[in-house]
Every structure is written in C-alpha cells, then in structure tokens.
Amino acid sequence: MSKSLIIACDGEAASGKSTGSKLLSKKYNLLLLNSGLLYRYASKILISKKPKKPIPYLKKKFKKISYSLIQKQSLHSQEISDHVGYLAKNKSIREIMKLYQKKIIKNNKRICVEGRDIATKILNKNPKYDLAFYFTCKINIAAKRRWIELKKKVPLKEVKRSLLKRTKMDKKRKHSPLKKVNDAILIRTDKLSKKEVLNKMSKEVNKII
C-alpha cells in the first residue's frame, strides 16, 4: 500500500464530501486534508482577533501552524459558516491556502484532499490527482444533516438559507469557483447511504491501484 495515490474530492456545502473522504481515507490509509477546515480556521481567528491587516496576519499564522492543530479546533459554528463564504472569495487568502495545501501534498504521496477547488486548482497539475470525485446532495437533505451536526441549536430554516447562499457564492465567485471537472465521478449522497458511497468510491479506486 505504499504506491502513490492522490484523490480530489470537491462538492457543495454539506454534500457529504467530508464523510465520503473520511471513509475512503481510512480504508486506503490516506492522509486526509480538508481544505474547508483551513478556511474555517482563518475565519475563526479573524473573527476573534480582528487584525488590522488580515492578509499579512494570516500569512504569518499559516507559516507556523500545523494541520493537526487546526483539526483540533472547534470550527463548525454558524458564525464561522456565515463568514467563511466571503473569506473564500478573496484571491490573496486563496493563495495563502493554496501554498499551505501544496506544502502538505508535496510531503504526502498518499493523500485525499477535500474542498471546492481541489481538482480545478489545487491538484490540477504538479501533482495532478489520480482520481476526482464530485459530491452533490438535495438541499433539504443537506440542510437537515448540517442542522443535526449543529445539534439543532440553529433553526433548520436558517441552516438551509446559509447553505444555499454558500453554494451560490462558491459557484459564482470570480476566483477558483466550484465546478465539476469532466473526469470527476459524481457522488449523489441524497441517493446513497454511507456504505454505498464508500462502495462506489472504492470501486473507482480499485480500478487504478
């Protein structure tokens, strides 16, 4: 299992891409890099620290922080969710995140990277993904899942509104918009159970290993 394997997972907000990526990474012993967590962490520190110069501040922070430390943070509040879509539109911030991700990818040849511009930007070349997946989910199901994730602390209607807004922003933004690359395998999590998602993804991985 030491052969290089690079997988890109993109998808809409609350489409199940985190769950799918997690299951696949565990099965094939891949490092899982969740780019959404990086943006959420950036949002969290900008909200709490309110630096006068956000870009240099984030540059400095992301030079030093380890990914394992970011993973340990609590990053799924509604406040962060509402902030992160605006943050992700900023070209300079995307560049900071891209460099951070590239550094991790360079040091790990067995990796699954999950986000919204992975196949189109992060893994489009040097290195290029071996396999790409694109996740979608009907909004009512996605909203209910996220609502349960938030322990029902936020009204379901508010969660749905936030998800619709985020996906629209992701698809319409000028820099690195969310889109499906031609060779990405579509995973519809409103149609599949967790087990079926893993089976479908595994079938594709097994073709190339």
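Pairs 72/151; 121/174; 22/109; 3/64; 52/171: which exceed 23 Å Cα-Cα? Intermediate results must be reported in sequence, preceding the final value.
Details: 72/151 19 Å; 121/174 13 Å; 22/109 17 Å; 3/64 29 Å; 52/171 29 Å.
Too far apart for the 23 Å limit: 3/64; 52/171.
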Share antiparallel - DSSP beta bridges, the chain, percent rounded to 5
5 percent
Could you give the spread of the C-alpha atoms of the stretch 76-125 along their three principal axes, from largest to smallest, in whole angstroms?
35, 22, 16
Report ³J(HN,Hα) in whole Hz for each residue of the stretch 154-168, in order, from the Karplus equation J = 6.51 cos²θ - 1.76 cosθ + 1.60 where θ = phi - 60°; Gly and Pro get x.
10, x, 3, 4, 5, 5, 4, 4, 5, 5, 4, 5, 5, 5, 4
Given R₀ = 25 Å, FRET efficiency for residue 183-residue 151 by Cβ-Cβ distance, to 0.05?
0.10
Calculated from DSSP helices alone, with each H run of at least 4 adding -39500 (n - 2.57) and the total divided by the residues of the chain, [θ]222 nm to the nearest 500 comes to -17000 deg cm²/dmol
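In percent, what relative contact order does the stretch 5-203 have, based on Cα pairs under 8 Å that are 6 or more apart in sequence? Intermediate values should be presented prior to the final figure.
Working: 270 pairs, mean separation 75.6, N = 199.
Relative contact order here is 38 percent.
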The alpha-carbon center of the stretch 36-53 and that of the stretch 67-115 are separated, in whole Å, by 11 Å
Going residue by residue through the stretch 131-147, the Karplus relation 6.51 cos²θ - 1.76 cosθ + 1.60 with θ = phi - 60° gives ³J(HN,Hα) values, rounded to whole Hz and with x marking Gly or Pro, of 8, 10, 10, 10, 9, 9, 7, 4, 4, 5, 6, 4, 5, 5, 4, 5, 4
5 Å is the cut-off here: which amide hydrogens, built 1.01 Å from N in the peptide plane, fall below it relative to residue 5, excluding neighbours closer than 5 in sequence?
110, 111
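Can you give the alpha-carbon Rg of the chain over 2.2 N^0.38 Å, where N counts its residues? Write out the running numbers ahead of the final one.
On the way: Rg = 16.5 Å, N = 209, 2.2 N^0.38 = 16.8 Å.
So the Cα radius of gyration is 0.98 times the expected 2.2 N^0.38 Å.
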To the nearest 20 debye, what is the magnitude of the charge dipole of the chain about its Cα centre, counting +1 on the Cβ of each Lys and Arg and -1 on the Cβ of each Asp and Glu?
620 debye
Checking rank on 51-64, 5-18, 122-135, with mean other Cβ inside 10 Å and highest first, the result is 5-18, 122-135, 51-64
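None of the figures in this text is laboratory data; all of them are computed from the coordinates on show. Note that the coordinates shown come from a computational prediction; the quantities given were computed from them, not determined experimentally. Note that we place each Cβ from the backbone using ideal geometry, even for glycine, and neighbour counts take in every protein chain shown.
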